[in-house]
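S.K.: Have a look at this one before I ask anything.
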Amino acid sequence: MDTIVAISVVSATEEKADKAIEAAFSRIDALDKTLNFFSDTSELSRINAQAGSAPVAVSPETVEVIAKAIDTSAKTEGAFDVTIGPEIALWDFVSKRMPEDRTVKERLPLVDYRNMRIDKERSTVFLTKKGMRADLGAIAKGYAADKAVGELKRQGIRAGLVAVAGDIRAFGLKPDGSGWKVGIRNPRTGGKDDEILATVELRDMAVSTSGDYERYFMKDGIRYHHILDPKTGYPATGCRSVTVLAKEGVDTDSFSTGTFVLGPEKGMKVLEGMGFEGMILDKDGRVFTTPGLKGKIEFKGQH
Ligand code: AMP
Ligand code: MG
């Protein structure tokens, strides 16, 4: 998935732990092969290649994750939009390439999740307009963490943690009876690396953070980052980071991105409506938390 995956398990023997972890990694590898945006042979690439032409037969799992992505798109009123692909393709955060404003605007009509259709019975996915492209970059990692946890459980593991970059799912308790502590990064460290802003303790929960510090470049004092507002095609401006806690990684991953785009006011409403917990750091560094997060989160210092 073009990122770092870390898996921890509690187990009586190292042998059982190794076997389970290996199975979980294979599970993630298999998903990577079907959902990878960059490989020409992935199911996702075949769906994109047939945009405007024909529905593509894919595995039930691909249908499942895309159904979930369409659902989150609807629940965030398109702030998360699984068809953001044509706009994302215009940005290069490594070589600091800014797209032409004209091209950004031309492509906006191609971004609309309502033009992505799934047929569960036939197990097909169809992008109805030529030039459309699905992008699972804001949901596939959380989904992979869920599936890896499922595999660990199948292997008889009762407690563990799977972190696919910033999309983390934990289950069971550590031997001392505590939950799994996960750090939330400070989005503005003033030059220092990885500083922890707060920690949350997970008990059978997932957590994801979306931030404007992950992939970005600065130009004329403006930060251009990888979370785009589907309405404008430009980076969303309301937040610095959004952390979401829920039962499943597929939800925390996609809703952290969607909430980031919605901004603090609308974003908090959507999280509360879904029954999720979360923390939003807005563009000025103000902190918003859902009521239920108190007691689960511990702040480390300044932000
Ligand atoms: P995340 O780090 O989970 O917030 O996901 C960011 C990635 O999701 C980006 O690198 C894009 O591939 C994709 N993306 C960016 N903006 C959006 C959006 N508004 N809706 C859905 N996916 C997006
Ligand atoms: Mg996400």
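S.K.: When you scan region 142-178, how many residues do you find that are in a loop (DSSP other than H, G, I, E, B) and closer than 22 Å to Ser256 by Cα?
M.R.: 2
S.K.: May I pose another question? Conditions first: (1) within 16 Å of ligand 2 (Cβ to nearest atom); (2) of a type outside the set (Val, Ile, Thr); (3) more than 30 Å from Ala24 (Cα to Cα). Asp81 passes all but one, so which condition is the exception?
M.R.: Checking Asp81 against (1) within 16 Å of ligand 2 (Cβ to nearest atom); (2) of a type outside the set (Val, Ile, Thr); (3) more than 30 Å from Ala24 (Cα to Cα), the one that fails is (3).
S.K.: Cβ-Cβ under 8 Å, sequence separation 6+ or interchain: first residue in region 203-214 and under 30 Å from Asp176 (Cα atoms), partner hydrophobic (A, V, I, L, M, F, W, C) and outside any strand (DSSP E or B). Which pairs?
M.R.: Arg203/Leu173; Ala206/Ala145; Ser208/Phe255
S.K.: In this structure, is Leu228 more than 11 Å from ligand 2 (Cβ to nearest atom), more than 30 Å from Gly295 (Cβ to Cβ) and within 14 Å of the chain's Cα centre (by Cα)?
M.R.: Judged against the criteria, Leu228 is a match.
S.K.: Oh, and also: From the residues in region 268-288 that are closer than 15 Å to Phe255 by Cβ and among the β-branched types (Val, Ile, Thr), which one is surrounded by the fewest Cβ atoms within 10 Å (Cβ to Cβ)?
M.R.: Going through the qualifying residues, I end up with Val270.
S.K.: Of all residues in region 173-187 being in contact with a Lys or Arg (Cβ under 8 Å, 6 or more places away or on another chain) and surrounded by 18 or more Cβ atoms within 10 Å (Cβ to Cβ), which is nearest to Met218 (Cα to Cα)?
M.R.: Restricting to residues being in contact with a Lys or Arg (Cβ under 8 Å, 6 or more places away or on another chain) and surrounded by 18 or more Cβ atoms within 10 Å (Cβ to Cβ), the top hit is Pro187.
S.K.: Separate question: Does any residue of region 279-286 turn out to be basic (Lys, Arg), in contact (Cβ under 8 Å) with a residue 60 or more places away in the chain and in a loop (DSSP other than H, G, I, E, B)?
M.R.: Within region 279-286, none of the residues are basic (Lys, Arg), in contact (Cβ under 8 Å) with a residue 60 or more places away in the chain and in a loop (DSSP other than H, G, I, E, B).
S.K.: Among the numbered conditions (1) assigned to a helix (DSSP H, G or I); (2) touching a residue at least 40 places away in the same chain (Cβ under 8 Å), tell me where Thr3 comes up short.
M.R.: All conditions are met except number (1).
Bear in mind these aren't lab numbers, they're just calculated from the coordinates by the rules spelled out. Note that the structure is predicted; figures quoted are calculated from it, not measured. Using ideal geometry, Cβ is built from the backbone for each residue, glycine included, and neighbour counts are taken over all protein chains shown.
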